[in-house]
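Here's the structure we're looking at; comments come further down.
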Amino acid sequence: MSAVAAVPQPAATANRPGLLRGMRGLRRSRYLTAGLAILAVFVLTGLFGPLFVHNADAFSSNRLEHPSATYWLGTTQTGQDVFGQLVESTRGTLVVGLGAGLIATVVSVLVGVGGALNGGVLDDLLSLFSNVALVIPQLPLVIIVAAFVKGSGDWPIVLVIAFTSWAASARILRAQTLSLRERDYVLAARAGGEPAWRIALADVIPNELPIIGSQFIYATIAAVLTQATLAFLGLANPSQLTWGNMLYFAQNDEALDSGAWWWFVPPGLCVALLGAGLAMVNFGLDEIFNPRLRVYREPRRRGRSAAAAAPADLADTEQERAS
Amino acid sequence: MSTDTTTSAQAGTEDAAAPVLEVNDLTVDYRRRGAGPLRAVDHLSFRLEPGRTLALVGESGSGKSTVVRALAGFVAPTEGTVALEGVRGGRGRRADREYRKALQLVFQDPFASLNPMHTVARHLRRPVVRYQAPGSRAQAHEAVLELLRSVNLTPEADIAGKYPHELSGGQRQRVAIARALATGPRVLLADEPVSMLDVSIRLEILNLLDRLARERDMAMLYVTHDLATARHFSSQIMVMYRGEVVEDGPSDEVILNPAHPYTRMLAAAAPDPTIPRERAAAARRERIEARGARVAEYREADTGAGCRFRSRCPHAMPVCGQHPPDFAAGPGHTARCWLFENGSAGVRDVP
Amino acid sequence: MMRTEDERGRDEEFDQSVDRGSVTTASGLTGAGPRTVLRAQGVSVEYAGERPVRAVQDVSLELAAGEVLGIAGESGCGKSTLAYALTGMLRPPARLTAGSIQYTDVDGDLIDISDVSPERLRSLRWNTVSMVFQSAMNALNPVTSVGRQFADVFKAHRPQMDRRARTERSAELLEMVGIDPGRLRSFPHELSGGMRQRVVIAMALALDPRIVVMDEPTTALDVLVQREILDELERLQERLGFAVIFITHDLGLLLEISDKLAVMYAGRFVEYAPGEQIANNPLHPYTRGLLNSFPDLRGERRALSGIPGSPPDLRERVPGCAFAARCRDAFEPCGERRPELRAPAGAWPVACHLHDPQFGGLERAGGSAR
């Protein structure tokens, strides 16, 4: 996440160790590059695609046509343009995925970091709360709640997904915060008499950004998949255009039986591709922020090499030994 | 800087000033899963005086770091009182603020005690803004630069913009010291401030702490496992073993004339480059003899009631099954050992 | 690497004189005179990278049977890297860029570690040379018992030993380092730090190696435990006759135990001498500074200063002496020419222009000696 944030203003932040590594890693990690490329395609499509596609929902008499120059991905049972639907659905899917991911992450930070930093009864209560939330089977709960709130707009589904998927992250962040809380620089801030919220914002959360970022990505993947599942089961608002709803209608109108592969394969592929792209970003970030995962590659040419991390590592091991 | 140590040594002979920090019966228990509480610090009492350094010497696990953690408020004491001169007791926010302003600490590991994401200036600005109430950003920045100068980190404007990873270990520790100074403390707790640093720069950091303590009339608690620097940089030494102070006295007295068998063993174990190798070898053979056939691990084992050192002690006697009180071992010098039950006469001859 | 014949002659002379000095410790061996068990010539190690770290540069040393060689240096000076290089354990990005490392193995064969098979190297590593590192916890497997770990060593290298022989030998080894043989059933976390390090030492001695390389073996331990382990180590060494390379930042400790001693700075040996000589009359200003960095426990209180500044970045190529920037005695040539490690008349090798007659350094050296 921080790597992405650093891209627009590299000059201003070049000095910062975490972001600096992110910048360098961008060149070094193939996973990150590939993942970001996939993500960029979807985000751009979601942002600007709908400007070029008109009335993807409109019926026509050209039913179940094969892909052609006019209909790049063919048409549906009711003569709608599958490609147009796919493009418009990208936006809907991303809004649900990123929105639910973001809310889930914010909740998990508040519960996990807040509890661990304050300690005492508050921590015990929040910890109990997230443990309970964790053992409730998620999908059945989502299905029940979704059936109740099946109203209009994206928000009900976003909130339902978000509030059923924060608990695992909260636990991870709580554990990490408990460890950071005992770090000397956090103790030094406490010895300086700073309030807990300031310590959280200045010392704890910035050092947890890699974890928070990866939790956000996981939450987004989970939200995209959950949304597709709910829509496929017919529990989402059917007037929304999402890949899940496309699959729902394809299933309803027996696309599989009529051999209309162009109708269900593209949205399915999109879900898989978006998930894979996000997972690759996560893996790439992990590689950068966790040097132990890094594989050493022999430099291809002399002078420029992949092992810029070596000096720091050397210094570290020597330091360990010296003390 | 070169005359620092000699002057602080003389301070040991002056009359005792009014204490700035007084600790009485400090006791800290750690809760353990599936076992009774672990008593890390057991009824510890001492006082710190302005401009003077008290060394708390002990090995890892002796409880010396717990003393620091308790004084800094990171762990709650089970028993005992801590009184800071001029600071009201109690728990309120104001009392807390006054206490933290008056008492600061320097951590052991300068690689861990600085936030890797913050610049040097940001580290120092936080306490400056909080406790010095500067009128403007420029004033705050000037205060930061002044702090850097006071710990000899120059060019200070350069250093201020750097991140911890751009500094050497010694420079980081100077930043940590400057951060502690920022509140204008009257008590400085230095927990093994040089043990993670390269040997060649340790003395410079200790000289700096020594100079600052005297210039600013701060009382310093120097926590260390190193007897030699404890002697050279403090006027009084307390030796801690398994949660209690077993020996307490003027530095020279404790090191040159150690009373408790534990202190004697510590002093004997320190490497001494001035001893010729043959004599070192002979001493080694003696030590091996003295340890005898007892298997090493029993010496390292727990002892239960009674003197906590008796399983490792070469002078263990039946009476050591009872816990010894403090006995006088000389002027201003006490030892928690039954050998001194009848005064110190004759005991010195015990090998 | 560019060394004159003359210089090499001096080095050999030095080595011989040191060997004679070491006869006292080697005398525990039955009849065997001082014999070379390890010889390293011009060893250099680099960590690859955009700006390579030249961690070890042109280090030569020789170790005789039963001898203790101390290597003193601060963090980042390359001493641990040297230990890895000597034992053939360098892993990328580190690699040996120059030099040779030769062992005399149990059968008296000379083995150059850069041209033997990995299997041969593995066997050499336990049978001829073994290692003890600072962190015993990392050396021991946390999930298997101490006994299993001993058994694994024997299974791999002494396949002819049966179960009983393995257990007996393991118990014997533990007893040797002062640990109850019943502890074979224990797991590493059930032992104290000192006991774990004893176990690691016992394991290093399992196959009767001729050399034990120890990198800061007692640094993490308490003073008393450290002292006990050193005492026992020296006793074992006298009894079993293995040679030791002891690496630490604690010069005071090395002076006490070493037959000869190398002081390392910025990847190079800067002084290489019989231990007692360095204690009495250190030649290199860095050695002097290091000695001054340890306050004398019982000596008179005096001003103590350490060494100002910090070690150089090993990625930079410094034209002159790497220590010049921190050296109180630096003079003209120090910033321009790197001093070679060579022995002035009647002394031992030292890399310092102060002791080079060419610069009239002897008077300076005399003047600045403490």
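The values are calculated or read from the model by the stated rules, or taken from the named source; none is laboratory data. None of the values given here were measured: they were computed from a predicted structure. Using ideal geometry, Cβ is built from the backbone for each residue, glycine included, and neighbour counts are taken over all protein chains shown. Heavy atoms of the whole protein, side chains included, go into the accessibility calculation; ligands, DNA and RNA do not. Shrake-Rupley method; radii C 1.70, N 1.55, O 1.52, S 1.80 Å.
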Inset, instruction - With a 1.4 Å probe on protein heavy atoms only, tell me which residues of the stretch B:253-273 lose at least 50 Å² of accessible surface in the complex relative to the chain by itself. - result: B:Ala269, B:Pro271, B:Asp272, B:Pro273
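Report the relative contact order of the stretch A:199-254, percent, no decimals, based on alpha-carbon pairs under 8 angstrom and at least 6 residues apart.
Numbers: 24 pairs, mean separation 12.8, N = 56.
Relative contact order comes out at 23 percent.
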Inset, instruction - Measure out, as a whole number of angstrom, how far apart the alpha-carbon centroids of the stretch B:127-187 and the stretch C:162-208 sit. - result: 51
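Is chain B rounded, prolate or oblate when judged by the Cα gyration tensor, a ≥ b ≥ c being the square roots of its eigenvalues, rounded requiring a/c under 1.5 and prolate requiring a/b larger than b/c? Don't skip to the answer; put the middle values down first.
On the way: a/c = 1.95, a/b = 1.63, b/c = 1.20.
It is prolate, given that a/c is not under 1.5 and a/b is the larger ratio.
Rounded to the nearest percent, how much of the accessible area of chain B (1.4 Å probe, protein heavy atoms only) is carbon and sulfur? The partial results should precede the final answer.
Details: 7590 of 14930 Å².
Ligands and nucleic acids excluded, carbon and sulfur reach 51 percent.
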Inset, instruction - Measure nothing but the geometry: give the 0 to 90° angle between the long axis through the Cα atoms of C:163-176 and the longest principal axis through the Cα atoms of chain C, rounded to 10°. - result: 40
Legend entry - Computed label-point distance, nm, for sites A:Leu159 and C:Glu300 using a 7 Å Cα→Cβ extension: 8.3
Inset, instruction - Per residue of the stretch A:118-131, in order, report the coupling 6.51 cos²θ - 1.76 cosθ + 1.60 (Karplus, θ = phi - 60°) as ³J(HN,Hα) in whole Hz, putting x for Gly and Pro. - result: 7, x, x, 5, 4, 5, 4, 5, 4, 5, 4, 4, 6, 5
Legend entry - Interface area, C with B, accessible, probe 1.4 Å, both sides summed, Å² nearest 100: 4700
Legend entry - Nearest-20 debye value, the stretch C:228-361 charge dipole, Cβ charges on Lys, Arg, Asp, Glu: 440
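What does the charge add up to near C:Gln237, with Lys and Arg as +1, Asp and Glu as -1, over the other residues with Cβ less than 13 Å from its Cβ?
Details: positive: B:Arg284, C:Arg210, C:Arg235, C:Arg239; negative: C:Glu67, C:Asp208, C:Asp231, C:Glu232, C:Glu234, C:Glu238, C:Asp259.
Surrounding charge for C:Gln237 is -3.
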Legend entry - Chain-alone versus full-assembly comparison, the stretch B:172-187, residues with accessible loss of at least 10 Å² (1.4 Å probe): B:Arg179
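Hey, any idea what % of chain C's accessible area is carbon plus sulfur with a 1.4 Å probe?
49
Mind ranking A:Trp155, A:Trp262 by accessible surface for me, highest first, 1.4 Å probe? Walk me through the intermediate numbers first.
On the way: A:Trp155 150, A:Trp262 10 Å².
Of A:Trp155, A:Trp262, the descending order of accessible area is A:Trp155, A:Trp262.
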Inset, instruction - Starting from the amide H of B:Arg336, placed 1.01 Å from N in the peptide plane, find each other amide H under 5 Å away whose residue is 5 or more places distant or on another chain. - result: B:Glu247, B:Phe327
Legend entry - Built amide H within the under 5 Å cut-off of B:Leu105, gap 5+: B:Leu189
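Applying 1/(1 + (r/R0)^6) with R0 = 56 Å to the Cβ-Cβ distance of A:Trp72 and A:Ala175, what FRET efficiency is obtained, to the nearest 0.05? Kindly include the intermediate steps, with their values, before the conclusion.
Values: r = 48 Å, r/R0 = 0.86.
With a Förster radius of 56 Å, E is 0.70.
From the Cα gyration tensor of the stretch A:88-184, with a ≥ b ≥ c the square roots of its eigenvalues, which class applies: rounded if a/c is under 1.5, or else prolate if a/b is larger than b/c, or else oblate?
Numbers: a/c = 3.25, a/b = 1.90, b/c = 1.71.
It is prolate, given that a/c is not under 1.5 and a/b is the larger ratio.
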Inset, instruction - Grab the beta carbon distance between C:Arg163 and B:Ile288, set R0 = 35 Å, and tell me the FRET efficiency rounded to 0.05. - result: 0.60
Inset, instruction - Would you mind checking the tilt of helix C:5-26 against the longest principal axis of the Cα atoms of chain C, expressed as 0 to 90 degrees and rounded to 10? - result: 40
Legend entry - Over chain B, relative contact order from alpha-carbon pairs under 8 Å, at least 6 apart, %: 20
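Which sequence of C:Arg337, A:Arg30 reflects their accessible areas, 1.4 Å probe, from the largest down? Spell out each step's value before the answer.
Details: C:Arg337 120, A:Arg30 145 Å².
Largest to smallest exposure gives the sequence A:Arg30, C:Arg337.
Ratio to report: Rg/Rh of chain C, with Cα atoms as the point set and Rh obtained by the Kirkwood method; give two decimals.
0.98
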Legend entry - Relative contact order for the stretch A:131-256, counting Cα pairs under 8 Å that sit 6 or more residues apart, in percent: 27
Legend entry - Principal-axis tilt of helix B:169-181 within chain B, Cα atoms, nearest 10 degrees: 70
Legend entry - Per-residue ³J(HN,Hα) for the stretch B:123-134, Karplus 6.51 cos²θ - 1.76 cosθ + 1.60, θ = phi - 60°, Hz, x for Gly and Pro: 4, 7, 5, 4, x, 4, 4, 6, 10, 9, 6, x
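In what order, largest first, do C:Asp58, A:Asp124 sit by accessible area if the probe radius is 1.4 Å? Don't jump to the answer; show the numbers that get you there.
On the way: C:Asp58 35, A:Asp124 100 Å².
Result, largest first: A:Asp124, C:Asp58.
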Inset, instruction - Taking amide H positions as placed in the peptide plane 1.01 Å from N, state which residues far from B:Ala219 in sequence (5 or more) or on other chains have amide H under 5 Å from it. - result: B:Gly51, B:Val187, B:Leu188
Legend entry - Surface accessible to a 1.4 Å probe, A:Tyr71 within the full protein complex, Å²: 40
Legend entry - Two-site label geometry, C:Arg328 and A:Leu139: point separation in nm, points 7 Å out along Cα→Cβ: 7.6
Legend entry - In order through the stretch B:156-168: 3J(HN,Hα) via Karplus (6.51 cos²θ - 1.76 cosθ + 1.60), integer Hz, x for Gly, Pro: 5, 5, 5, 4, 4, x, 8, 9, x, 5, 8, 10, 7
Legend entry - Nearest-10 value in Å² for the accessible area of C:Val200, using the 1.4 Å probe: 10
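Using a Förster distance of 22 Å, how high is the FRET efficiency between B:Ala83 and B:Thr27, based on the Cβ-Cβ distance and rounded to 0.05? Walk me through the numbers before you get to the answer.
Values: r = 16 Å, r/R0 = 0.71.
The pair B:Ala83/B:Thr27 has a calculated efficiency of 0.90.
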Inset, instruction - List the aspartates and glutamates whose Cα lies under 16 Å from the Cα of B:Lys101, skipping any in the same chain that are fewer than 8 positions away. - result: A:Glu194, B:Glu85, B:Asp217
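To the nearest 100 Å², how much accessible surface do chains A and B hide from each other in total, with a 1.4 Å probe? Kindly include the intermediate steps, with their values, before the conclusion.
On the way: alone 17960 and 18380 Å², together 34110 Å².
About 2200 Å² of accessible surface is lost on pairing.
Return the value, in Å² to the nearest 100, of accessible area buried between chains A and C (probe 1.4 Å, both sides summed).
Values: alone 17960 and 18160 Å², together 34570 Å².
Approximately 1500 Å², summed over both chains.
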Legend entry - Selection from C:Phe359, C:Leu236, C:Gly275, by position along the positive dipole direction of the stretch C:232-370 (Cβ): C:Phe359
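What does the helix-only formula give at 222 nm for chain B: each DSSP H stretch with n ≥ 4 adding -39500 (n - 2.57), the total divided by the residues, and the result rounded to the nearest 500 deg cm²/dmol?
Numbers: 13 runs with 123 residues, N = 351.
Result for chain B, helices only: -10000 deg cm²/dmol.
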Legend entry - Rounded Å value of the spacing that divides the Cα centres of the stretch C:278-328 and the stretch B:238-289: 27
Inset, instruction - Using the heavy atoms of the protein chains and a 1.4 angstrom probe, tell me the accessible area per residue for the stretch C:47-90 in square angstrom. - result: 17
